[in-house]
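Data block below; observations after.
The values are calculated or read from the model by the stated rules, or taken from the named source; none is laboratory data. The structure presented is a predicted model; accordingly, all values stated were derived computationally and were not measured. Backbone-built Cβ (ideal geometry, glycine too); neighbour counts: all protein chains shown. Just so you know, the surface numbers come from the protein's heavy atoms only, side chains and all, with ligands and any DNA or RNA stripped out. Shrake-Rupley method; radii C 1.70, N 1.55, O 1.52, S 1.80 Å.
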Amino acid sequence: MKGRWRWVMAVEQKERYEQSVLYRIRHSTAHVMAQAVMEMFPGEAKIAIGPPIADGFYYDFDLPRSLTPEDLEVLEKRMREIIAADHEYEYRIISAKEAKELYADQPYKIELIEGLELGGLDEYGEPIDEPPEISIYAHDTFTDLCRGPHVERTSKINPDAIKLLNIAGAYWRGDENRPMLQRIYGTAWESADDLEQYLWRLEEAKVRDHRRLGKELDLFSVSEDVGPGLILWHPRGGMVRKVAEDYCRDEHEKAGYDFVYSPHIGKSKLWETSGHLEWFEENMYAPLEIEDQKYYLKPMNCPFHVQIYKSKMRSYRDLPLRFAEWGTVYRYERSGVLHGMMRVRGFTQDDAHHFCRPDQMPEEIDRVLEFNLKILRAFGFENFQAYLSTRNPEKSAGDIADWEASTQALQSSLDRSGLPYEIDEGEAVFYGPKIDIKMLDALGREWQLSTIQFDFNLPESFDLTYVGEDGKEHRPYMIHRALLGSMERFMGVLIEHHAGAFPIWLAPMQVEIIPIADRHLGHANNIAERLRERGFRVEVDSRSERMNAKIRDAQLQKIPYMLVVGDREVKTDSVSVRLRSEEDLGAMRVDDFLDLISREAVPSV
RNA sequence: GCCAGCGUAGCUCAGUGGUAGAGCAGGCGCUUCGUAAGCGUCAGGCCAAGGGUUCGAAUCCCUUCGCUGGCUCCA
């Protein structure tokens, strides 16, 4: 549903889609919808573009008034009539002049035609290679500037397999300085069953939504009184985070990282030197005045780690140095972009900075990439998409030659890793190119977790040096990296990925002990104690409720193990094990259960 | 930030100009039960906030705050 669906799909998948019947159906349905909208506002509707997207299509319009949900029903009804009339889609290649006459009263179309005519810009305003050819597709009263392809006739669209979904604002050509258009999103499938399935999928996605699960499982909240985009971690969410962090810290230690800590604010001079005030100020909060000095809340941890590096002379023998910190940063994000835990204003990065000699750089990138994947896999992630972000000409510091060399270094490392990746042109941060690893959320939106960023600018601007074998000063290279990204976003993605049923080692509560009657409480507490001694997270449901109710509640809380204890279990020092999958493992001795959970409550490998 | 929609009890929601409701959750009793909700009872609300229209506003209008879906921007 996101505009960037084009990049979410792998290239081959995208090409296959563009040749599919479904693609033509959706494209044609978009035209039918546009016709219905034109009829609703005769002479007043201005049409923009209407392409197929991942699970449907959209069309952008400039209209005299705002559309309402009721309008969608009217439009949908009219669309079915148009479809039923079985109009043919007629293709024609026309000259630019002819096209301009045809769309004399359609300013957006005129702009598109001029783009094609003058210099090969496609409908998104992006450059294209092929020589542009202007073509139109017409059916019934509607003629669209369009390169197709379409179905032959409107009757190829199944009237029971289309649905208009929602209305949204969208800037013309994605530029916030240009007019805001009204976008109608719709979906179209080959069969009513497919549509049904798709709608069901949307409902399913809502069930996995981390904001809903966050409430239901009591993991986190956002308080209006604290402020938007500021997360409060509840005990259960906090436990998941603690376990995740503990694991990561241990792994970092094994991987040769040092742990550092840094403050939340720093003098303006620091941020001037680092370039943040030049390049990142719009994301930084207003400074605090302390004794006539301006201090800024940190949006990144790097300048502090750089200062630690600079605190003494470094020898080539000391490198690489790897400073890790779970550093909490604050960034101003525009109010409309905030989204649960996924997009917030204060977050804790599992951040680290590597300082190394130029000759160590390739190995250092290889290592961090490998370490990165290992960590993500431990949390049950298998499918991610890597991107190589290249220089943004309008937002970059330093020499172009350095940019090229470092981009090349990252790319070779990606090639060596065998990880599939795509190039994100112009998406780099101001100080260097980066490798990003992204995950999809429940609704198919992608979120960036890991980032590995090359930096040749901070070593320069802070004049970082090490003494080489030759006794002279040399400039180290620097890598910024965050693997989980931010604990907040990671938690959000983790919740959705597992639909709230965390892997056993991460589950905030691992075992619920369910005594059948009060006389079984003693045995229940005894078992709980034995499990706690072994480091497991256990609680006894001692409420005056029926066993069924206790099971239901534990099930809803997605607690991995429910241990039912009644007369039979007390007699034999055993427990009846029920899993959250609803599987009933039957009775087993407490010691056997301890073996079971010890085997299962571990990170994936 | 922009376009649109929404904001009623802790949660999910009904109420659309005439005395604020339900279910769940919570408190208190009773119940002691074998794999997804035992029964009863009590309490809980400045209807997001502020202003206006009206004899009368949860309901209509305006402003602000917050949330949701997009757009732009980003970990």
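A compact table of results
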item	result
Where only C-alpha atoms are counted, convex hull volume of segment A:222-491 per residue in Å³	145
Cross-link pairs beyond the 24 Å C-alpha cut-off, checked among A:14/A:46; A:298/A:395; A:215/A:558; A:242/A:558; A:374/A:434	A:14/A:46
Surface accessible to a 1.4 Å probe, residue A:347 within the full protein complex, Å²	30
Nearby aspartates and glutamates by direct alpha-carbon distance to residue A:294 (threshold 17 angstrom, same-chain neighbours under 8 apart not counted)	A:272, A:278, A:281, A:282
Within chain A, percent of DSSP bridges classed antiparallel, to nearest 5	85
Cβ-Cβ FRET estimate between residue A:290 and residue A:175, R0 fixed at 45 Å, reported to 0.05	0.65
Cβ-based charge dipole, chain A, positive-most Cα from A:528, A:53, A:579	A:528
Bins of 20 Å, starting at 0 and running to the largest distance - Cα pair percent for chain A	16, 40, 33, 10, 0
Lysines with Cα under 24 Å of residue A:571, excluding same-chain neighbours fewer than 8 positions away	A:550
Förster radius 60 Å - calculated FRET efficiency between residue A:21 and residue A:221, Cβ distance, rounded to 0.05	0.85
Accessible surface of segment A:222-491, 1.4 Å probe, proportion on carbon and sulfur as whole %	47
Diffusion constant of segment A:5-208 at 25 °C, which comes from Stokes-Einstein with the Kirkwood Cα-pair radius and 0.890 mPa s, µm²/s	140
A:200, A:279, A:172, reordered so the largest accessible area comes first (probe 1.4 Å)	A:200, A:279, A:172
Sum of side-chain charges, residue A:189 neighbourhood, beta-carbon under 11 Å (Lys, Arg +1; Asp, Glu -1)	-4
Euclidean distance of C-alpha centroids, segment A:43-95 and segment A:418-481, integer Å	44
Length released on extending from residue A:549 to residue A:135, taking residue separation times 0.36 nm less the Cα-Cα span	142.5 nm
Heavy-atom accessible surface of segment A:5-208: percent carbon and sulfur, 1.4 Å	49
For segment A:5-208, share of DSSP beta bridges that run antiparallel, in % to the nearest 5	100
Cα-centred dipole magnitude for chain A, charges only on beta-carbon of K, R (+1) and D, E (-1), debye, nearest 20	1800
Residue A:328 accessible area, 1.4 Å probe, all protein chains in place, Å² to nearest 10	40
A:258, A:359, ranked by accessible area, largest first (probe 1.4 Å)	A:359, A:258
Solvent accessible area, Å² - residue A:269, 1.4 Å probe, full protein context	130
Cβ-Cβ FRET estimate between residue A:269 and residue A:249, R0 fixed at 41 Å, reported to 0.05	0.80
Fraction of antiparallel bridges per DSSP, segment A:511-600 only, in percent to nearest 5	55
Pair residue A:85, residue A:395: separation of 7 Å Cα→Cβ label points (nm)	4.7
Label-to-label distance, nm, for residues given as residue A:122 and residue A:95 (7 Å Cα→Cβ offset)	2.8
Convex hull of Cα atoms in segment A:511-600, direction-averaged projection (nm²)	5.0
Environment charge at residue A:89 (Cβ cut-off 12 Å; Lys +1, Arg +1, Asp -1, Glu -1)	-2
Radius 12 Å from Cβ of residue A:314, net charge of other residues (Lys, Arg +1; Asp, Glu -1)	+3
GluC sites (Glu not before Pro) within segment A:424-467: DSSP coil, no more than 13 neighbouring Cβ in 10 Å	A:425
Segment A:222-491, dipole about Cα centre (Lys/Arg Cβ +1, Asp/Glu Cβ -1), debye to the nearest 20	620
1.4 Å probe accessible area per residue over segment A:135-292, in Å²	55
Where A:312, A:395 fall by accessible area, highest first, once all protein chains stay in place (1.4 Å)	A:312, A:395
